[in-house]
């Protein structure tokens with residue numbers, strides 16, 4: 001296990017290094033810079049700005065300096081949001097996205113598994129079809145359509161929930177619904193097919209033949225085994241959802257990190273782009289790392305010693 | 001059969017979804033950023049019946065939405081219209097702009113202007129204080145302006161050039177001299193500020209109400225580098241104090257009881273959500289979450305303008321603003337190095353048809369560069385005194401002839417392939433396609449259209465990597481010069497390659513001729529004729545409007561010539 005964790009960690013660090021390098025050079029390769037605006041900045045002022053932010057130095061020097069700063073844990077200061085540290089911006093906005101995202105993860109896992117289970121148990125019955133139709137819609141309808149639709153119907157027309165903001169608990173309802181729809185649909189389908197497989201397995205028949213009570217079979221054998229694929233999916237999904245959905249944040253006016261990230265790219269806010277990319281990288285890799293570990297713990301069939309990468 | 005009906009339902013849902021999606025997705029990104037030093041109301045913005053306390057609502061909290069978070073609230077660093085709205089709550093310059101658009105005493109109680117129009121002596125208002133109780137003195141202004149101009153300031157304030165009207169300011173800012181005493185701003189004593197200008201500038205008083213000219217509190221600025229990034233560390237002198245600032249979510253202001261004119265400030269609180277979606281903002285307004293929607297603080301999606309103007313007739317308003325939408329030609333490259341060919345292109349589109357069918361926001365067709373809301377002399381607009389109809393007329397047949405003449409002059413029989421470049425946005429795309437279609441029908445030329453992301457687009461335009469490109473320009477101050485000085489030879493914003501000595505001479509004369517307003521305006525009109533009428537360096541399309549929604553109970557909101565908005569004297573009536 002220790003060896004497995006160590007090698008995983010090393011791979012993670014290597015991936016992060018590649019991520020930083022690629023992002024850095026790609027970002028510099030895009031035309032434009034942070035000081036670009038419709039109204040031309042007078043040349044002497046522009047030159048001074050570039051010098052102050054170190055953008056006048058050769059690209060390799062900038063790169064090395066940036067790596068040096070990162071190693072010291074310094075993400076720098078935003079070039080557009082003046083005097084605001086990248087670390088602070090990430091901290092403030094990620095908190096918002098995290099809260100919303102975790103609620104969405106919990107909701108979609110519970111609802112998704114429940115729906116998938118229902119569909120599997122009532123295979124080829126009306127409930128099954130209903131769940132699958134809902135699932136297809138959930139996957140097919142883009143979140144900006146769903147979010148706008150929810151906002152228009154439940155926020156504006158019916159007035160049940162606030163149109164924007166998450167100041168009150170009620171404000172979370174619509175964004176969470178919009179964020180969860182896709183994952184719910186995916187998890188429901190995943191659960192359904194995996195449960196069906198398990199339900200038809202010989203050991204379930206054996207259990208039935210032995211006269212075990214159905215709820216016990218369901219809990220001990222069907223769900224435990226059928227849920228494995230969901231575990232694999234929940235890790236990356238969590239990372240995905242908590243890092244903020246640009247669309248949902250924009251539509252519901254939530255000051256999360258997704259919105260900030262997209263704006264930073266439009267603004268060519270170099271330090272902020274790098275900071276958030278790095279942060280996203282860490283979150284995604286951490287999520288994968290944890291998933292791998294959890295997978296091992298849940299499924300004894302997987303052996304670690306072979307050293308294969310998952 | 002069962003399966004089929006499921007499929008039907010599914011298809012229906014998806015179709016409805018797609019239709020709804022189309023409704024919500026169009027959003028104009030405002031590409032003309034509006035810095036707005038001086039102000040004049042166009043007349044329709046101000047509804048200032050005096051408020052009697054009897055009909056005031058008990059809760060005087062104004063709720064707004066900002067479509068973007070101001071990147072900074074440091075007056076020296078600010079550059080955008082959101083910061084303009086926010087800073088206006090918090091600061092007050094030497095002059096302010098009254099409801100009629102004229103300069104009125106602000107932090108300065110009165111001023112004297114010398115005969116030659118070069119020296120302004122401002123007398124500071126007695127009893128005006130910062131919100132921590134310190135008096136606002138002439139030194140605060142000297143400090144603020146020196147800070148904005150100083151090459152030592154980090155980061156270098158981009159809008160420092162807004163102060164270049166002051167004698168010696170440019171030399172000090174560019175580092176030609178390090179001696180600030182050469183700059184024409186002096187605190188004669190605590191209460192007297194003397195400002196010397198480089199040239200007589202008729203609009204200078206208006207400029208002093210602009211944010212780059214705001215004072216800052218010296219002890220605060222010197223004590224904390226990041227003082228302007230946090231609500232709790234800002235010391236300000238305006239009618240409101242920033243009390244809440246949650247990054248990316250909301251901002252809130254509370255009335256400043258120490259403000260000298262606090263008796264006339266009716267609002268007790270202002271809150272602003274930060275939502276960058278026109279569709280959401282419109283829903284917020286309709287759902288009663290905000291009291292004002294639309295430009296300049298936010299936006300109303302273009303496709304909602306028509307329906308809203310009918311559904312909410314009494315709340316909806318279109319205001320002419322001092323911005324021009326135009327296409328610019330790269331005059332250095334064939335085929336647009338030929339003036340006749342440029343003219344042919346400009347004459348062969350139907351602007352009114354574009355406005356009626358494509359842009360649909362009541363814009364005015366443009367045949368000149370200076371928009372209709374820019375002031376001229378004698379209370380007339382510049383456009384009224386110098387009508388743009390004289391520059392050229394739409395005439396497809398004449399255009400076709402001109403094109404042939406132009407091609408003959410260049411010795412070509414077919415045009416090279418031509419690409420029209422615009423920045424990515426649904427609205428610019430619609431217009432570009434419609435214009436290309438008109439060119440095809442009227443001139444028989446095939447045009448490619450191409451879009452680029454904003455920064456990439458700016459870079460292409462700046463480096464002359466285009467043939468025809470979309471452009472927009474908005475006023476910095478209420479004078480034709482804010483448009484006309486753009487196309488001088490080698491000007492920083494002149495991407496067209498246009499260079500004309502006569503034009504340069506006229507602009508230079510207008511720069512220096514502040515003491516002869518009549519001639520100055522004529523010089524600028526003559527320059528505009530050279531730019532558009534004679535050379536057609538740019539092809540004007542329309543003068544912008546901005547759409548907004550104001551709740552019937554919200555009064556006292558004023559909009560200036562540029563579309564910038566002032567809520568400080570607003571109040572809420574009982575509903």
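Each value in this text was obtained by applying a stated rule to the coordinates, not by laboratory testing. Here the structure is a predicted model, which is why all the values come from computation and not from measurement. In this analysis, Cβ positions are derived from the backbone assuming ideal geometry, glycine residues included, and neighbour counts consider all displayed protein chains.
In region B:84-174, inverting the average of 1/r over every pair of distinct C-alpha atoms gives 14.9 Å as the Kirkwood radius.
Relative contact order for region A:89-309: 29 percent, from Cα pairs under 8 Å spaced at least 6 residues apart, divided by residue count. Here region B:536-567 and region B:331-387 have alpha carbon centers that stand 19 Å from each other. Sorted fewest first by neighbouring Cβ atoms within 10 angstrom, B:214, A:53 come out as A:53, B:214.
If you take each beta carbon of peptide A:143-151 and count the beta carbons of other chains within 10 angstrom, what is the mean?
Shielding by partners across A:143-151 averages 5.
Remark: A:130, A:118 ranked as A:130, A:118, counting other beta-carbon atoms within 10 Å and listing the fewest first. With contributions of -39500 (n - 2.57) from each DSSP H run of at least four residues, the per-residue ellipticity at 222 nm computed over chain A stands at -22500 deg cm²/dmol. A straight line joining the Cα centroids of region B:261-301 and region A:200-239 runs 53 Å. Taking a ≥ b ≥ c as the square roots of the eigenvalues of the Cα gyration tensor, an a/c ratio of 1.5 or more together with a/b no larger than b/c marks chain B as oblate. Mean residue ellipticity at 222 nm, helices only, chain B: -8500 deg cm²/dmol; runs of at least 4 DSSP H residues each add -39,500 (n - 2.57), and the sum is divided by the number of residues.
For region B:341-433, the relative contact order works out to 33 percent when only alpha carbon pairs closer than 8 Å and six or more residues apart are counted.
Among A:184, A:283, A:265, the largest mean-square fluctuation in a Gaussian network model of chain A (Cα springs under 10 Å) belongs to A:265. Our summary gives chain B a relative contact order of 22 percent, counting only alpha carbon pairs under 8 angstrom and 6 or more residues apart. Extending 7 Å from Cα along the Cβ direction at residue A:102 and again at residue A:30 yields two label points whose distance is 3.1 nm. Ordered by the count of other Cβ atoms within 10 Å of each Cβ, fewest first, B:130, B:111, A:219 give A:219, B:111, B:130.
Taking chain A as a Gaussian network of alpha-carbon nodes connected by springs under 10 Å, the highest mean-square fluctuation of the residues A:41, A:230, A:173 belongs to A:41. Note on residue A:294/residue A:200: beta-carbon distance plugged into 1/(1 + (r/R0)^6) with R0 of 22 Å gives a FRET efficiency of 0.25. Taking Cα atoms, how many degrees apart are the long axis of helix A:173-199 and the longest axis of chain A, rounded to 10 and kept between 0 and 90? Compared with the principal axis, the helix lies near 40 degrees. Summary of the geometry: region B:101-153 and region A:1-54, compared by the centres of their Cα atoms, lie 42 Å apart.
GNM remark for chain A: springs join alpha carbons under 10 Å apart, and the peak mean-square fluctuation among A:255, A:138, A:54 falls on A:54. Put a dot 7 Å past the Cα of residue B:410, heading toward its Cβ, do the same for residue B:139, and the two dots end up 6.4 nm apart.
By its C-alpha gyration tensor, with a ≥ b ≥ c as the square roots of the eigenvalues, how is region B:210-278 shaped: rounded for a/c under 1.5, else prolate for a/b larger than b/c, else oblate? Oblate shape, in that a/c is at least 1.5 and b/c is the bigger or equal ratio.
Overall form of chain A: oblate. Here a/c, set by the Cα gyration tensor axes a ≥ b ≥ c, is 1.5 or more, and a/b is not larger than b/c. Between the helical axis of A:257-267 and the dominant principal axis of chain A, each derived from Cα atoms, what acute angle in degrees is found, rounded to the nearest 10? Between the helix axis and the principal axis of chain A, the angle is about 40 degrees. The angle separating the long axis of helix A:126-140 from the principal Cα axis of greatest extent in chain A is about 10 degrees. Between residue B:104 and residue B:501, the distance separating the two model label sites (each 7 Å from Cα on the Cα→Cβ line) works out to 5.0 nm. For chain B, the antiparallel share of DSSP beta bridges with both residues in that region comes to about 80%.
FRET efficiency for residue B:310 and residue B:429, Cβ-Cβ distance as r, R0 = 30 Å, nearest 0.05? Computed FRET efficiency for residue B:310 and residue B:429: 0.70.
Given R₀ = 51 Å, FRET efficiency for residue B:263-residue A:61 by Cβ-Cβ distance, to 0.05? Present the calculation step by step, with values, prior to reporting the outcome.
Working: r = 58 Å, r/R0 = 1.15.
Taking R0 as 51 Å, the efficiency between residue B:263 and residue A:61 is 0.30.
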